[in-house]
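First comes the structure, then the notes that go with it.
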Amino acid sequence: MKTIAVLGSTGSIGTQTLEVVRANGDLKIAALAAGRNVELLEKQIREFSPRVVAVWEEEAARKLKTAVSDMDVKIVTGMDGLIEISTLPEVEVLVTAIVGMIGIRPTVEAIKAGKDIALANKETLVTAGHIIMPLAKEHNVRILPVDSEHSAIFQSLNGEHHEQIDKLLITASGGPFRGKKRADLEKVKVEDALKHPNWAMGQKITIDSATLVNKGLEVMEAKWLFHVDLDQIEVVVQPQSVIHSMVQFVDGAVIAQLGTPDMKLPIQYALYYPDRRYLTGERLDFAKLGQITFEKPDMETFLGLPLALQASRIGGSMPTVFNAANERAVSKFLHREIGFTDIYQIIIESMEHHKVQQQPTIEDILDTEKATYEFIESRW
């Protein structure tokens, strides 16, 4: 029996993690954390009987306490609550499926407490990779990637020698606007951007896929996860989303991980690593598939990727600015306050305005996030 805690249990990755738990008899939920979705969280509590549950806001906590007053469960709130469930003695693996930089502190404390991390929170490595990876090494903790692309690389590296990596090939679907030009993007509506061709994901990550920001974030993460230079990472558009990513080695061999677009596979792989378990679902039918095609990403139209590479090369606090600016811009787009291409403009202006701090602490990172939000609100 393996005991886990899930940060972000009511989101896309969180609910699919619980599907994996439901399908297997040897995973136990010790703790859950969510934002405001009290109704779904109550159902999860009743099904999985966690010992501790965290919600961010006091009002949501009051509602939840009333709803589950007949259950033996402790309800905690805020950052202290997230840290409490992340460091419970019985937890072996912490699934970080929470969105935003709110996930950094609980991850740090979980690592210090010796918990393995099933990582789905992009911000943790994008903004604090220089802190997280050395800390994990110091505490002999495994960072197990849940992102499909990083999981694919992780799987492709199994049994191989890290020093023999030539390059990582991260695949992208190209999003809903693949083949469009900049003028086409000016007319994009929220509903259009939320129609991903292959994956069912949360709204934020779906918009990030449409701008190619998501791919940029994945490149930034991969640099830290796999200890490679930025120049050793290449993005390849693979519209069928069958190849989830690849590794090219020094002898020219390329090892890829293929499968249907189903996030439960990388989630389950992270939870049971190094073992594989049976997973229900559709299998690849190569005869039916017919072909797998490849393209270069259009970095003149989709600025999310080149801006991410620029932020990563500058380093220090700049990746935090890139991430925070995108997060706020996407929120404004989803609320119909700005246009689609304004997302790029907000990121550009925020990066141009920022004075870089080298080797930022967690406090510096959070201060930079706040300053970036304030700058955006003063302009947009």
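Assorted remarks:
- Scanning the stretch 222-238 for residues that are buried (at least 18 other Cβ atoms within 10 Å of the Cβ) and over 24 Å from residue 117 (Cβ atoms) returns 235, 237, 238.
- Positions within the stretch 365-379 being surrounded by 15 or more Cβ atoms within 10 Å (Cβ to Cβ) and over 21 Å from the mean Cα position of the chain (by Cα), in sequence order: 367, 371, 375, 376
- One residue stands out among those in the stretch 123-182 that are among the acidic types (Asp, Glu) and surrounded by fewer than 23 Cβ atoms within 10 Å (Cβ to Cβ): the one that is farthest from residue 274 (Cα to Cα), which is 166.
- Any chance residue 359 is under 22 Å from the mean Cα position of the chain (by Cα), surrounded by fewer than 22 Cβ atoms within 10 Å (Cβ to Cβ) and not hydrophobic (A, V, I, L, M, F, W, C): no
- Unique match (being out of contact with any strand residue (DSSP E or B) (no Cβ under 6 Å at 6 or more places or on another chain), polar (S, T, N, Q), crowded, with 18+ Cβ neighbours inside 10 Å and under 19 Å from residue 205 (Cβ atoms)) among 241, 245, 317: 241
- Criterion violated by residue 208 - all others in (1) touching a Lys or Arg at 6+ places or on another chain (Cβ under 8 Å); (2) surrounded by 24 or more Cβ atoms within 10 Å (Cβ to Cβ) satisfied: (1)
- Taken residue by residue, the stretch 344-351 has no member that is over 20 Å from the mean Cα position of the chain (by Cα) and at positive phi.
Residue-by-condition table, conditions (1) surrounded by fewer than 19 Cβ atoms within 10 Å (Cβ to Cβ); (2) touching a strand residue (DSSP E or B) at 6+ places or on another chain (Cβ under 8 Å):
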| site | (1), (2) |
| --- | --- |
| 10 | no, yes |
| 37 | yes, no |
| 49 | yes, yes |
| 58 | yes, yes |
| 68 | yes, yes |
| 74 | yes, yes |
| 93 | no, yes |
| 104 | no, no |
| 109 | yes, no |
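- Pick from the stretch 155-186, criterion under 21 Å from the mean Cα position of the chain (by Cα) and part of a loop (DSSP other than H, G, I, E, B), ranking: modelled with the highest pLDDT: 157
- The lone criterion from (1) within 26 Å of residue 326 (Cβ to Cβ); (2) part of a helix (DSSP H, G or I) left unmet by residue 265 is number (1).
Here's the yes/no breakdown for (1) closer than 23 Å to residue 13 by Cα; (2) at pLDDT below 95:
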position: 35; (1), (2): yes, yes
position: 49; (1), (2): yes, no
position: 65; (1), (2): no, no
position: 77; (1), (2): yes, no
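- Qualifying residue in the stretch 201-221 (condition: farther than 20 Å from residue 118 by Cα, assigned to a loop (DSSP other than H, G, I, E, B), in contact with a strand residue (DSSP E or B) (Cβ under 8 Å, 6 or more places away or on another chain) and not small (Gly, Ala, Ser)): yes
- Meets criteria (out of contact with any strand residue (DSSP E or B) (no Cβ under 6 Å at 6 or more places or on another chain), among the small types (Gly, Ala, Ser) and either under 18 Å from residue 36 (Cα atoms) or at pLDDT below 95 (or both)) for residue 100: yes
- Count - residues of the stretch 84-123 that are over 13 Å from residue 146 (Cα atoms) and in a helix (DSSP H, G or I): 16
- Hey, residue 143 in contact (Cβ under 8 Å) with a residue 12 or more places away in the chain, in contact with a strand residue (DSSP E or B) (Cβ under 7 Å, 6 or more places away or on another chain) and among the aliphatic types (A, V, I, L, M) or not: yes
- Taking first residues from the stretch 327-351 that are farther than 17 Å from residue 202 by Cα and touching a residue at least 12 places away in the same chain (Cβ under 8 Å) and partners that are in a helix (DSSP H, G or I) and among the hydroxyl-bearing types (Ser, Thr, Tyr), the Cβ contacts under 8 Å between residues at least 6 apart in sequence or on separate chains come to 340/211; 343/211; 344/211; 350/372.
- Flag if residue 17 is crowded, with 19+ Cβ neighbours inside 10 Å, modelled with pLDDT of 95 or more, of a type outside the set (A, V, I, L, M, F, W, C) and more than 23 Å from residue 67 (Cα to Cα): yes
- On the stretch given as the stretch 252-283, residues that are surrounded by fewer than 12 Cβ atoms within 10 Å (Cβ to Cβ) and either small (Gly, Ala, Ser) or out of contact with any helix residue (DSSP H, G or I) (no Cβ under 8 Å at 6 or more places or on another chain) (or both) total 8.
- Among the residues of the stretch 276-316, the one identified as in a helix (DSSP H, G or I) and of a type in the set (Phe, Trp, Tyr) is 286.
The values are calculated or read from the model by the stated rules, or taken from the named source; none is laboratory data. Predicted model only: the values in this text are computed from it and were never measured. Note: ideal-geometry Cβ built from the backbone for every residue, glycine included; neighbour counts use all protein chains shown.
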